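Visitor: Take a look at this one; I'll ask things after.
Every read-out reported here was derived from the displayed coordinates using simple, explicitly stated rules and does not represent laboratory data. Everything quoted here is computed from the prediction, not taken from an experiment. For neighbour counting, all protein chains shown are included, and Cβ atoms are generated from backbone atoms with ideal geometry for every residue, glycine included.
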Amino acid sequence: MQRVEVVRGVYYDSVSLMRVAQELTKIDGVIDATLNMATEANIKIMSAAGFDLSGLDLRPSDLVIAVKANEEIIDGIIAKAKEYLSNPPWKTTEISQQYFPKSLNGALSMLPEANLALISIAGQYAGDEAMECLNKGLHVMLYSDNVSLEKEIELKKIAKERGLLVMGPDCGTAVVKGIGLGFANACPLGPVGMVAAAGTGLQEVHVQLAHRGIGVLHAIGTGGRDVKEAVGGITSLMGIEALLENDDVKVIVMVGKPPAPEVEKKIFQRLVSGNKPAVLGYIGGELEGDRPPIYFCKELEETAAVTAAVVNGTDPDLARKDLNLKYEHLKELASHFGKRKGYLRGLYSGGTLCYEAQLVASKLLGPIYSNAPLDERYKLPDSLKSIGNCMVDYGEDEFTQGRLHPMMDSSFRAKRMIEEAKENEVGVILFDCVLGYGCHESPAEQLASAISQVKREVGDRIIFVGYVCGVEADPQIASSQRKILEDVGVVLADSNAQAARLACLLLQ
Amino acid sequence: MAIKDLLANGPIVVNIGIEQFYHDLKKQDAKVVHVDWRPSALKSDLLSKLRKLREGGAN
């Protein structure tokens, strides 16, 4: 049965509410549970999930607790939800007793030297809050999405006039003087400065550089829209300017999908006149031929390999050749594991990783269906139903509204693995496992549990290929996460690009 | 503060939103304060009224 309870005039952030819901669904007898602030979008999501909210007079300042469970326990579950809201079970007593100010002014009275605001509240409020932070002279990292393009442009123009950075909106990752903000890996400090319009693109290059012994000092996120014509690359260009001026940064790396032509031109011209070595990792870009000290790359691992060569003073072309040799070797590896019949299914938490995997796979297998396809002709009509060779980006809005980001919770993706495996035509399942600050404490465990179930049901008919994007110093410890996946028979690759290639080569 | 100073001094952060980010910054020994942020009732009511007006519903 269903029970809905409305608590008037309160506010809880979506992550706290989703964690409470997660805890409730672990209880025996609970079929489904959801907690949401009663915004228009959330009401739609809850209704689509099968909760009947008809006849309720709901306002955005109301909290809705909705539970489907066995009749005998349902009252207890509502009470449990309230208990978890006031005393979250995942928080230690020490954390629960900390005092947090209720306003920006309160925060600034506690930390008057603050220089940056990290904003991750609902998009409908985030733009105004960011403006207030700019008015207080703070740089802004805007993790929130669903901020309008007009607001983004307004914020960035005002920030530029005041010499302040606006990283985002929809900026998941940044690093300032080695400190990771949002989703970020615990990589070493070094002579590289990055500007990235791609969150997991930044993470992958950061991690791949660390694997090559190269550190990053700053990585300025911009949000994906920054390099579109409408925004004009305001943050990207400000970031590049700051990195050109910074004597500790010896090599600049730009990562993202190819910018709009006008923006690309401005970035290139500024880097040429700046005369500092730079690597432009435009994923899937068309620029060919290096113009030292500026180098062009089309994939994330290539961007890291070329950057490492530039930092070390070795030949970038040799780095590319070495990488190609590694990719050739994957053919032998594929023969070793034995080829599979059927389709490739990719299930991703990182948007840029999914995009790069599609670029790699489309060259080897032909068109790839996706909810975020390279070519709109191959857009999935229903993101929950795969077609042919297919890759799904679980970080897209459709999956994150009312749910934790897949990098914070892989359980929804894990369920999809089980569903995909039920199809006889599926031969290879490809996935990422992104580590770092902000991410789930053990994503590999969540995924491994589903993979074990699949193995029990279908044996070796399906092979799993994975990539763990992380380093040893990450809170999850990369080697531990790798071992969890290897123990359930996952074939792990050393980069996202390699995982995608291997997955394709494993298909007959 | 100019961008060059932000990069030179490192981030000193006001975290508004996901509390996990505050704890992760603490783990990195960054200076950070978390705001227990809530939209003001005024803002919520105003948004609600604007939405109703936009939808042509009751005022």
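Visitor: Please quote Rg/Rh for region A:364-508 to two decimal places, taking the Kirkwood radius as Rh and restricting both calculations to Cα atoms.
Guide: 0.94
Visitor: Within region A:2-96, how many Lys pairs sit with Cα atoms under 22 Å apart, leaving out pairs fewer than 8 places apart on the same chain?
Guide: The number of close lysine pairs in region A:2-96 is 9.
Visitor: Say R0 is 60 Å: what FRET efficiency, to the nearest 0.05, do A:Met1 and A:Leu189 get from their beta-carbon distance?
Guide: Numbers: r = 56 Å, r/R0 = 0.93.
Efficiency at R0 = 60 Å is approximately 0.60.
Visitor: Continuing with the same structure: Quickly estimate the mean residue ellipticity at 222 nm for chain A, helices only: each DSSP H run with n ≥ 4 gives -39500 (n - 2.57), and the total goes over all residues, rounded to 500. Mind showing how you got there, number by number?
Guide: On the way: 18 runs with 215 residues, N = 508.
Here the helix-only value at 222 nm equals -13000 deg cm²/dmol.
Visitor: Also, quick follow-up: Based on other C-beta atoms within 10 Å, arrange A:Leu164, A:Leu344, A:Leu300 from fewest to most.
Guide: A:Leu164, A:Leu344, A:Leu300
Visitor: Express in nm, to one decimal, how much length is gained between A:Val458 and A:Lys44 on full extension, taking 0.36 nm for each residue of separation and deducting their alpha carbon distance.
Guide: Here the answer is 145.4 nm.
Visitor: Label the protein assembly as shown by shape, choosing from rounded, prolate and oblate, from the square roots a ≥ b ≥ c of the eigenvalues of the Cα gyration tensor; if a/c is under 1.5 it is rounded, and otherwise prolate applies when a/b is larger than b/c, oblate when it is not.
Guide: Note, shape of the protein assembly as shown comes out oblate.
Visitor: A further question on this structure: Taking the Cα-to-Cβ direction at A:Lys160 and at A:Glu419 and moving 7 Å from each Cα, how far apart do the two end points lie in nm?
Guide: Distance between label points: 4.3 nm.
Visitor: With θ taken as phi - 60° and the coefficients 6.51, -1.76 and 1.60, list the Karplus ³J(HN,Hα) couplings across region A:38-48 in order, rounded to whole Hz; mark glycine and proline as x.
Guide: Working through the residues one at a time gives 7, 7, 4, 4, 5, 4, 4, 4, 5, 5, 5 Hz.
Visitor: Under a point spin-label approximation (7 Å from Cα along Cα-to-Cβ), what is the A:Ile387-A:Ile153 distance to one decimal in nm?
Guide: Roughly 3.4 nm, to one decimal.
Visitor: With θ set to phi - 60° and the Karplus curve 6.51 cos²θ - 1.76 cosθ + 1.60, what are the ³J(HN,Hα) couplings of region A:66-79 in order, to the nearest whole Hz, using x for Gly and Pro?
Guide: With coefficients 6.51, -1.76 and 1.60, one gets 10, 9, 10, 7, 4, 4, 5, 10, 5, 5, x, 5, 4, 5 Hz.
Visitor: How high is the FRET efficiency between A:Lys363 and A:Ile477 when r is their beta carbon distance and R₀ equals 30 Å, given to the nearest 0.05?
Guide: Given R0 = 30 Å and the Cβ-Cβ separation, E is 0.30.
Visitor: Say R0 is 45 Å: what FRET efficiency, to the nearest 0.05, do A:Lys102 and A:Asp322 get from their beta-carbon distance?
Guide: Calculated value: 0.25.
Visitor: Return the long-range amide H neighbours of B:Asn15 (sequence gap of 5 or more, or a different chain), with a cut-off of under 5 Å between placed amide H atoms.
Guide: Amide H to amide H, under 5 Å and 5 or more residues apart or across chains, B:Asn15 pairs with A:Leu118, B:Val33, B:His34, B:Val35.
Visitor: Give me the aspartates and glutamates in straight-line cross-link reach of A:Lys266: C-alpha distance below 16 Å, same-chain residues under 8 apart excluded.
Guide: Within reach: A:Asp226, A:Glu229, A:Glu241.
Visitor: For A:Trp90, B:Trp37, what's the fewest-to-most ordering of other Cβ within 10 Å of each Cβ?
Guide: A:Trp90, B:Trp37
Visitor: Along Cα→Cβ, 7 Å out, is where each label goes; now give me the distance between the ones at A:Glu398 and A:His211 in nm to one decimal.
Guide: 3.1 nm
Visitor: Students often get this wrong, so check it: of A:Lys298/A:Lys379; A:Lys177/A:Lys298; A:Lys265/A:Lys379; A:Lys156/B:Lys27; A:Lys257/A:Lys379, which have C-alpha atoms separated by over 25 Å? Intermediate values should be presented prior to the final figure.
Guide: Working: A:Lys298/A:Lys379 23 Å; A:Lys177/A:Lys298 27 Å; A:Lys265/A:Lys379 30 Å; A:Lys156/B:Lys27 30 Å; A:Lys257/A:Lys379 18 Å.
With Cα atoms farther than 25 Å apart: A:Lys177/A:Lys298; A:Lys265/A:Lys379; A:Lys156/B:Lys27.
Visitor: Mind ranking A:470-477, A:319-326, B:2-9 by how tightly packed they are, going by the mean number of other C-beta atoms within 10 angstrom, highest first?
Guide: The densest-packed peptide leads the list: A:470-477, B:2-9, A:319-326.
Visitor: Let me ask something additional. Ranked by Cβ crowding within 10 angstrom, fewest neighbours first, how are A:Tyr11, B:Tyr22 ordered?
Guide: Fewest-to-most Cβ neighbours within 10 Å comes out as A:Tyr11, B:Tyr22.
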